[in-house]
Amino acid sequence: MVKLDQINISNNGLTKFFSPIEASILRTLWNDGEMTTSELTEKTKIPLTSVAGTLDRLVKAGYTARRMENVNGRVRYVYEPVFSEEEAATEITTKILDSLVDAFGPLARENFSKYSDKK
Amino acid sequence: MNILSELNCFGTCFKLSSFAPFVALFVVISIALLAASLMLKRPKQRLITFVSAQVAVIVAIAATFYLMNCSYMLTFYLYLAYVVISTVLIFAVLRYYDRIMISRLDAKPAGSVMNWAQEFVDRLTSAKVYYFDSAVPKAFAAGRSIFVSIGLLELLNEDELKAVLAHEAWHIRNNSRTPYLKQLAIMTFSSSSESELEHMADCFAAGIAGREALSSARSKVDKVFI
């Protein structure tokens, strides 16, 4: 997981857990499936300058996978998400609940059941 | 006096002097710093550790000079050994730096993705072309190898790639003719007259691949980096 050590509760959506560029890359891959680098820069409207380094980071962190394709002698990357959105949500939720239990013990558990009762 | 009696004298002085642990300490520190400067990845950290290693060696030599009551020749030998060893080391690292980069980047021969690249470079100089896994468009030469990232292969067309390869091939062709101090400047990552070298490499690349291909390659890569 990329930046799960730094959670910004006040941010919106996925940027609570990821940097804005990481979030928009993951969102695009989750919505539209696998795509090439140029398709990614078009869809996210983020210049290659910012996307290239972030893609390297996401691949290294195991969030996205890429394979090299050779089309008519031209090389290109094709990216795809490693986890589905559901899998990522489960992993993030588990980590946060674990850290709440770690900090507050039984008090946290009490609040979990109150929270699910309310729903 | 021959060097053996010098060493003998050094042993005696070493036992008598209170400087002795000091010298040993600084020699150990300088070797550790030099090893660290080869391992570290960030240019700034490398530069700092490299310079500190030099300072530690100079302190060790100065301390040896004070320590020698009976003869000063050993200081001279030590200094000579230091100069010889560091010169050999610098040239060896520059010559074999590509091996380090191949394993660090997990680079693979470019022949498997674009068969023309190796033949094209063979006509200009004797160097191997490698590609490595990164989306960031990058090309550089080290030792007798040219490295290009997959990001660069994605971004540029064949003519533009030829311009980039010719530019890097020029660097390799001229590495042996680059004066020693420039080599040292590259080694320590301080850019003394690098822009002049880059300009000459560009002139060569423009002659081989055409000025248009070179400038469009430049503008594509510059757009990414500026």
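Tell me which trypsin sites (Lys or Arg not before Pro) from region B:1-88 have a DSSP coil assignment and no more than 15 other beta carbons within 10 Å of their own. Display every interim value, and only then the final one.
On the way: sites: B:LYS15, B:LYS41, B:LYS44, B:ARG46; in loops: B:LYS41.
Answer by residue number: B:LYS41.
Going Cα to Cα from B:LYS128, which lysines come in below 25 Å? Please leave out same-chain ones fewer than 8 positions away. Qualifying lysines at Cα under 25 Å: B:LYS41, B:LYS108, B:LYS138, B:LYS162, B:LYS182, B:LYS220.
Entry note, the protein assembly as shown: the mean residue ellipticity at 222 nm calculated from DSSP H runs of n ≥ 4, each adding -39500 (n - 2.57), is -22000 deg cm²/dmol after division by the residues and rounding to the nearest 500. Among the trypsin sites (Lys or Arg not before Pro) in region A:1-101, those located in a DSSP loop and surrounded by at most 16 other Cβ atoms within 10 Å of their own Cβ are A:LYS3, A:LYS45. The lysine pair tally for region A:1-118, using Cα distances under 26 Å and a gap of 8 or more places or different chains, is 16.
Around B:SER52, under 13 Å between beta carbons, what's the net of Lys plus Arg minus Asp minus Glu among the other residues?
+2
Counting Cβ atoms of other protein chains within 10 Å of each Cβ in A:68-75 and taking the mean gives 4. Just round it to a whole percent: the fraction of Cα-Cα distances in region A:1-87 exceeding 16 Å. Tail of P(r) above 16 Å: 52 percent of Cα pairs. Shape class for the protein assembly as shown, computed from the alpha carbon gyration tensor (a ≥ b ≥ c): oblate, with a/c not under 1.5 and a/b at or below b/c. The residue among A:VAL51, A:PHE104, A:ALA65 whose Cα reaches farthest toward the positive pole of the charge dipole of chain A, with charges on the beta-carbon of Lys, Arg, Asp and Glu, is A:VAL51. Within region A:16-119, report the GluC sites (Glu not before Pro) that DSSP leaves as loop and that have at most 16 other Cβ atoms within 10 Å. Sites meeting the loop and neighbour criteria: A:GLU34.
Which helices, counted as full DSSP H runs in chain A, have an axial Cα extent of no less than 27 Å and a Kyte-Doolittle average of -0.5 or above? Mind dumping the intermediate values first?
Working: long enough: A:85-104 (28 Å, 0.06).
The answer, listed by residue number, is A:85-104.
Neighbour counts of C-beta atoms inside 10 Å place B:MET39, B:MET101 in the sequence B:MET39, B:MET101, starting with the fewest.
Every read-out reported here was derived from the displayed coordinates using simple, explicitly stated rules and does not represent laboratory data. Note that the structure is predicted; figures quoted are calculated from it, not measured. We place every Cβ from the backbone using ideal geometry, glycine too, and count neighbours over all the protein chains shown.
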